[in-house]
Amino acid sequence: MISVKKVCFVLVSLLVLCDVSAKKQETEKADVYAPTDLSSKMSRIKTKTEAQKKIASTKKIKLTEKFDLAESSMFMFNYLGIAVNQENMAVFYDPAYKECGIRYDKDRRFVSFSRKSLIEIAEAFANYEESFDTQTLSTKRNKTIAKYGKITGRYYRKEFLKETNEETQTTLGYLFVKDSPYFVIRLKSKEIEKNPVQPERNNKTPNITLLFNRNQMKKFLEITSVDNVELACENALKELTEARAKAEAEALAKAKADEEAAGKSLEPAKIEVDLMKDLEKAEKEKNAKSN
């Protein structure tokens, strides 16, 4: 049989172990939870989010806006429609429609053509040059203005609050002005000029007639060639990529600077936490000595 002494010894041992365990639990450090100002931290998170949004927006940049390929010139009829005047123009590429075109009249008017139409213009001009070299051009205007057929062109005009952007029938041919022949691209206007006083006298806007000498048309076809346009698009994309990379770098630098500034503003809160730790430590040491 188990003696009473053994039972007492076991019970005393268990009580000692429980007391030791309790003392060990008492020596565990409690988590310090001090109230701190989190407004700066939240501001830093917000700043990062805004920077990330800015970077994301730059990644959405695509080649969609018109950009110039080169500057050149052409001829247009004067106000009376008798003589022609040289006009400066810019040859551009429009990625939205994948068309090349001409901007003129102080950047208020645009005409553009698809790749298919540009090929037809090049073929018409080749026929015109052949007739020019063999001196078989006709001086009968009504028979030559649309001699090389019809294509589709686009006409864009922006004036005051009025804006026009439409595809329109375009003819290719040539005509003589004061004994000099010009290759002609003529766009049929669909616009109506309204007469607010007498609506019954509303008139169609005159057709757009673009005239080129041989050098001007050769230059236009060279500028709008497939190889030249592809190279221009590559360069434009490269510029956009570099601009995007620069924008990303600037956004990240700003986010980092804001983060560092927010970190400095958290220093007073850190000092407060350290002070509370020191006070707790001193309180515990005081209690230990008193015990």
Breaking point among (1) under 17 Å from Thr168 (Cβ atoms); (2) open to solvent by 60 Å² or more (accessible area, probe 1.4 Å), for Asp107: (1)
All positions within the range 151-183 that are open to solvent by 30 Å² or more (accessible area, probe 1.4 Å), without any contact (Cβ under 8 Å) to a residue 40 or more places away in the chain and farther than 16 Å from Leu211 by Cα: Thr152, Phe160, Leu161, Lys162, Glu163, Asn165, Glu166, Glu167, Gln169
Mind listing whichever residues of the range 73-100 are over 25 Å from the mean Cα position of the chain (by Cα), assigned to a loop (DSSP other than H, G, I, E, B) and not β-branched (Val, Ile, Thr)? Asn78, Tyr79, Leu80, Gly81, Ala83
Note on the range 200-234: residues basic (Lys, Arg) and either open to solvent by less than 20 Å² (accessible area, probe 1.4 Å) or modelled with pLDDT of 95 or more (or both) are Arg214, Lys218, Lys219
Filtered residue count, the range 162-183, keeping only those that are in contact with a helix residue (DSSP H, G or I) (Cβ under 6 Å, 6 or more places away or on another chain) and under 13 Å from Phe113 (Cα atoms): 1
Being in contact (Cβ under 8 Å) with a residue 40 or more places away in the chain, within 23 Å of Ser73 (Cβ to Cβ) and not in a helix (DSSP H, G or I) is the requirement here; does Ser112 meet it? yes
Tell me, please, whether a residue that is among the aliphatic types (A, V, I, L, M), open to solvent by 50 Å² or more (accessible area, probe 1.4 Å) and touching a strand residue (DSSP E or B) at 6+ places or on another chain (Cβ under 7 Å) can be found in the range 184-199. yes
Across the range 115-149, the tally of residues that are free of Cβ contacts under 8 Å to residues at least 40 places away in the same chain and part of a loop (DSSP other than H, G, I, E, B) stands at 9
Kindly evaluate Ile121 against the criterion of being surrounded by 13 or more Cβ atoms within 10 Å (Cβ to Cβ) and either at pLDDT 80 or above or over 17 Å from Arg214 (Cα atoms) (or both). yes
Single residue of Lys143, Lys116 found to be over 30 Å from Asp227 (Cβ atoms) and open to solvent by 70 Å² or more (accessible area, probe 1.4 Å): Lys143
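The values are calculated or read from the model by the stated rules, or taken from the named source; none is laboratory data. Here the structure is a predicted model, which means the values were calculated and not measured. Cβ sites come from the backbone with ideal geometry, for glycine too, and all protein chains shown count toward neighbours. Note: accessible area is taken over every heavy atom of the protein model, side chains too, but ligands, DNA and RNA are not part of it. Shrake-Rupley method; radii C 1.70, N 1.55, O 1.52, S 1.80 Å.
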